[in-house]
Amino acid sequence: MGQQALTAVQTRVLEFIREEIRSTGRSPSMREIQEEFGYASPHTPQFHVEKLVKGGHLRREAGHRGLRLSESRGLRLLGTVAAGPPIEAIEEQGERVDINGFSDDNHFALRVRGDSMIEECIADGDHVVVRKQSTCDDGDLVVARIGDEATLKRFYRERQKRRIRLQPANSGMEPIFCKAHDIVIEGVVVGVIRLMA
């Protein structure tokens, strides 16, 4: 059974459970989930966890800390994104990046080409994990599409000049400026993967 799409609340609960498992080696209890999100009743975290289990994102084992992340075959690699001047956005088929805990419903991976984000330790050949969303905040690291080309940059609104600035993290490179209606946000970067040869 495939994984079902998550609501925003379910995504936050799943990310909390994932981080607890990664950092402590054990899943949080229902009481810890309740305390983390300030729920008045223990029934609320139980409801969200049941949805995550039924949706294929978690599985249950015995015990009050018996939540486990569902096995994943990694994220679909959608293609290559420029860390430099924008390049044509061409989707690749079939290739995956081996990383657990993320769903194709909410995330995708891209291979980085170029060194415009090198001062943020994102190098040519790295992979970025991108949360699918069409909006972002100032300062977010985004995958932005301008026409048929895509680029990886920090996003800033320059309201007085009525334009968007896509800022590289390389002091030797200039930012890209465009009008808001000329840009499409494909997602916000939530992780970087470096595959060691």
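Among Met117, Met173, the order by Cβ neighbours within 10 angstrom, fewest to most, reads Met173, Met117. Charge tally for Arg162 (other residues, Cβ to Cβ under 14 Å; Lys, Arg +1; Asp, Glu -1): +4. As a length-normalised measure over Cα pairs under 8 Å and 6 or more apart, the relative contact order of segment 103-166 settles at 22 percent. Here the peptides 47-59, 24-36 are ranked by packing, the mean other Cβ count within 10 Å, and the order with the highest first is 47-59, 24-36.
Coordinate-derived values only; no laboratory data. Just so it is clear, the structure is predicted and the values come from calculations on it, not from any experiment. All Cβ positions, glycine included, derive from the backbone under ideal geometry; neighbour counts span all protein chains shown.
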